[in-house]
1. Being in a loop (DSSP other than H, G, I, E, B) and within 18 Å of the chain's Cα centre (by Cα) is the filter here; which residues of region 116-132 pass it?
2. Hey, can you tell me all the residues within region 1-21 that are surrounded by 22 or more Cβ atoms within 10 Å (Cβ to Cβ) and either within 16 Å of ligand 1 (Cβ to nearest atom) or modelled with pLDDT under 95 (or both)?
3. (1) in contact with a helix residue (DSSP H, G or I) (Cβ under 6 Å, 6 or more places away or on another chain); (2) under 25 Å from residue 45 (Cα atoms); (3) crowded, with 17+ Cβ neighbours inside 10 Å: which one isn't true of residue 128, the others all being true?
4. Restricting attention to region 133-163, and to residues there that are part of a loop (DSSP other than H, G, I, E, B) and within 16 Å of ligand 2 (Cβ to nearest atom), which single residue is surrounded by the most Cβ atoms within 10 Å (Cβ to Cβ)?
5. When you scan region 114-124, do you find a residue that is within 15 Å of ligand 1 (Cβ to nearest atom) and surrounded by fewer than 19 Cβ atoms within 10 Å (Cβ to Cβ), even just one?
6. State the number of residues belonging to region 22-39 that are near ligand 1 (Cβ under 7 Å from one of its atoms) and surrounded by fewer than 21 Cβ atoms within 10 Å (Cβ to Cβ).
7. Can you pull out the residues in region 52-75 that are touching a residue at least 60 places away in the same chain (Cβ under 8 Å) and either surrounded by 18 or more Cβ atoms within 10 Å (Cβ to Cβ) or under 13 Å from the mean Cα position of the chain (by Cα) (or both)?
Ligand SMILES: Nc1ncnc2c1ncn2[C@@H]1O[C@H](COP(=O)(O)OP(=O)(O)OP(=O)(O)O)[C@@H](O)[C@H]1O
Ligand SMILES: [Mg+2]
């Protein structure tokens, strides 16, 4: 039986939930869906969205391998601070490199803070049709280069805590699967 005390304890158990995947995979959409549900349940939640972070915390960084790595490590630093202090930090950020993601996982491990890696595994063929920001079209037209998953690497997570198939699942189903994982791990 889940008592009130236990619920309250769960609500102050922080965790970082990193949603990695290609541009237009659905990371931001799923993160906000989950955030709404967690807030309704009384959790403290922050969403560290890639675009917002790049405007401020990571302004000045570009899209080279080194800059992308720095960006992910900075966000990981912030997420760990938040989650160590009882916040559910949802991080919908591409994070294309396995090394950078591993560094973030280790930082959480060092402080014993929960860290979940979620691969939003929408295939590039689906992402490029969704093309929320028009990046795939711009890349195809030769206006930009270095698009993750097209002409820049995306290193798929080999063993994520959860893989979401956003091309065969609704946003609500994906958020529910993620919520179920949090519950299973005693985090929601
Ligand atoms: N099952 C689904 N899950 C998530 N998004 C979906 C799904 N079906 C359709 N979509 C749509 O796909 C788009 C995903 O865009 P979103 O901004 O969430 O992607 P993203 O992964 O955050 O991309 P970026 O890396 O460019 O920020 C949205 O328009 C969303 O409504
Ligand atoms: Mg996004």
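The values are calculated or read from the model by the stated rules, or taken from the named source; none is laboratory data. Model, not experiment: these values are computed from the prediction. Every residue, glycine among them, receives a Cβ derived from its backbone with ideal geometry; neighbour counts consider all protein chains shown.
1. First, pick out the residues of region 116-132 that are in a loop (DSSP other than H, G, I, E, B): 121-123, 131-132.
Within region 116-132, 121, 122, 123, 132 qualify.
2. Residues satisfying the conditions are 17, 18, 19, 20, 21.
3. Going through the list (1) in contact with a helix residue (DSSP H, G or I) (Cβ under 6 Å, 6 or more places away or on another chain); (2) under 25 Å from residue 45 (Cα atoms); (3) crowded, with 17+ Cβ neighbours inside 10 Å, residue 128 breaks only (2).
4. Just the residues of region 133-163 that are part of a loop (DSSP other than H, G, I, E, B), to begin with: 133-134, 141-147, 149-151, 153-161.
Pick out the ones that are also within 16 Å of ligand 2 (Cβ to nearest atom) and you get 133-134, 147, 149, 154.
Working: 133: 11, 134: 12, 147: 19, 149: 22, 154: 19.
Going through the qualifying residues, I end up with 149.
5. Yes, because at least one residue in region 114-124 is within 15 Å of ligand 1 (Cβ to nearest atom) and surrounded by fewer than 19 Cβ atoms within 10 Å (Cβ to Cβ).
6. 2
7. Hits for region 52-75: nothing passes.
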